[in-house]
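A short worksheet on the structure shown next.
Readers should treat all values here as calculations from the given coordinates under stated rules, not as data from a laboratory. The shown structure was predicted, so the numbers you read here are calculated from the model rather than taken from an experiment. For neighbour counting, all protein chains shown are included, and Cβ atoms are generated from backbone atoms with ideal geometry for every residue, glycine included.
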Ligand SMILES: Cc1cc2nc3c(=O)[nH]c(=O)nc-3n(C[C@H](O)[C@H](O)[C@H](O)COP(=O)(O)OP(=O)(O)OC[C@H]3O[C@@H](n4cnc5c(N)ncnc54)[C@H](O)[C@@H]3O)c2cc1C
């Protein structure tokens, strides 16, 4: 495949980490006959994309919904044989301070009509806002399909995309005079990006909400673990290799290019091409000899801000959802929708009124748990730093207190009683995510997509951020940002770039 000297059975590409990005990169490479070796520190593939069992329940670790046509179409590939269930509605929003109870349907028209009906007089601004979102979405699609893009066409056809390129979401909402009451109903998806609407890159936000609302969302049968095992199977069937319990402790470099990795066990594997599913923070901070890391690489990682994390309460309930009164799949519950204040509250795990995003798996997939039972998982954003002050002996109690608060908040807002039906309960904090996936500082989302560091600046800066020949990044910390679809498809991009480099 390439002119570099490698022994016949040695890997041509090493992929560090088998999160969705790493798996997708390895799949794309092995499909083309390239010898790929995936090294994964855990004993399972998938990173966050996994499941776990307690009692008679198999819990989804992370995925609330897979939104967007591109990721869905990609996974419909025959190699994977996945079965999908459609998520029934966009969300039910419960704002406890003003009593808002709003069911948001999928479909741009249906969604807009529901907002316009709930907020009289908002028709013009809502339609204008959704139109600009659509243009951003279409422009991203054009950019994804056309490299390099035609600047004249971009200006002509996607003028609003160019005009809003440096804007944050609130600025566009102000420009179209979107009433506060309508913003309250449109903004809940902010928690999927984890950045307040006065700070988040509008184009990224717009493209995200448009793709969820326009296309709808899905979950796979068999939890997101099904994604990971399907990839793993397809990689090995195509001749690739995955080694588990294989933690990379060193990424070896010389004269500005990578030349292999060393494992915790001391074994060294020589290889001229590496795709890292592990964050640049970890790679430049811990894996590469500091004497070899250019100062610009440190500047780059220090300029970026790691995103937030989550606290999750996984509940296996001993009654079916009808009996429990759990009518919906996705619940967004918050005191209000002032996203700046909600972000502030992430720093305090004692805040009595956080925002929670809760899903009832059975509402999308009746067979998600044994008959007569229900799986409910309550997720709240949290700043990893909010967990730093806990004495190890107090950690179980701190988790219990936060879980208790979230369960009470859910019961109060929905008027349901679930506590007496809890058969299984498990919790996950930033510490848990860090332990299982080695996520930097327990961060679940990669780097925050502020306007200066949104997808467009990242893609444009990509070549300038190549500090070592032969090294590509993929996953939630790479240029497409985080989420299942983006992390996964960034693996495809990393594979394409690796192949181009091998052939150059
Ligand atoms: C609770 C929760 C809910 C979420 N909900 C959604 C949702 O509804 N929709 C959505 O789109 N996204 C959601 N996400 C985000 C999504 O899960 C992530 O963005 C995505 O899975 C990240 O994939 P990744 O490719 O970055 O790999 P990761 O999942 O970060 O995996 C990295 C892998 O690398 C391995 N690794 C690390 N260090 C080493 C090393 N030194 N050597 C070898 N292996 C190593 C790890 O063990 C891990 O397997 C959620 C996440 C969480 C935690």
Dmax and Rg, reported as Rg then Dmax, of segment 308-437 (C-alpha, Å): 14.8, 42
Fully extended contour minus Cα-Cα distance, from residue 249 to residue 416, at 0.36 nm per residue: 55.3 nm
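Taking other Cβ within 10 Å of each residue's Cβ, how do 460, 251 sort, fewest first?
Neighbour counts put them in this order, fewest first: 460, 251.
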Residue-span extension gain [residue 438 to residue 138] - 0.36 nm each, minus C-alpha spacing: 104.5 nm
Percentage of interatomic Cα-Cα distances in segment 411-504 larger than 16 Å: 68 percent
Rounded to 10°, Cα long-axis angle of helix 20-31 versus longest principal axis of the chain: 50 degrees
Pairwise label distance in nanometres, residue 100 with residue 289, each label 7 Å out on the Cα-Cβ vector: 5.6 nm
Simple label model, 7 Å out from Cα along Cβ direction - residue 459 to residue 303, nm: 1.9 nm
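When a footprinting reagent is the concern and you count Cβ atoms within 10 Å, what order do 429, 112, 276 take, fewest first?
112, 429, 276
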Folded to 0 to 90 degrees: helix 108-118 orientation relative to the chain principal axis, Cα: 30 degrees
Segment 107-215 - Rg over Rh from alpha carbon coordinates, Kirkwood radius: 0.97
Pairwise centroid distance, computed over Cα atoms, of segment 229-261 with segment 303-356, Å: 36 Å
Per-bin percent of Cα-Cα distances, segment 30-162 [5 Å]: 2, 7, 9, 12, 14, 15, 13, 12, 9, 5, 2, 1, 0
Whole-Å distance, taken between Cα centres, linking segment 168-187 and segment 453-497: 30 Å
Cα→Cβ-extended label distance, 7 Å offset, between residue 73 and residue 152, nm: 2.8 nm
Helix 225-237 vs. the chain, principal-axis angle (Cα, 0 to 90°, nearest 10): 20 degrees
Helix-only [θ]222 nm of the chain, DSSP H runs n ≥ 4, -39500 (n - 2.57) each, per residue, nearest 500: -11000 deg cm²/dmol
Average projection area in nm² (convex hull over Cα atoms of the chain, one quarter of hull surface): 23.4 nm²
Per-pair calculated FRET efficiency, R0 = 60 Å: residue 341 and residue 367 via Cβ, rounded to 0.05: 0.90
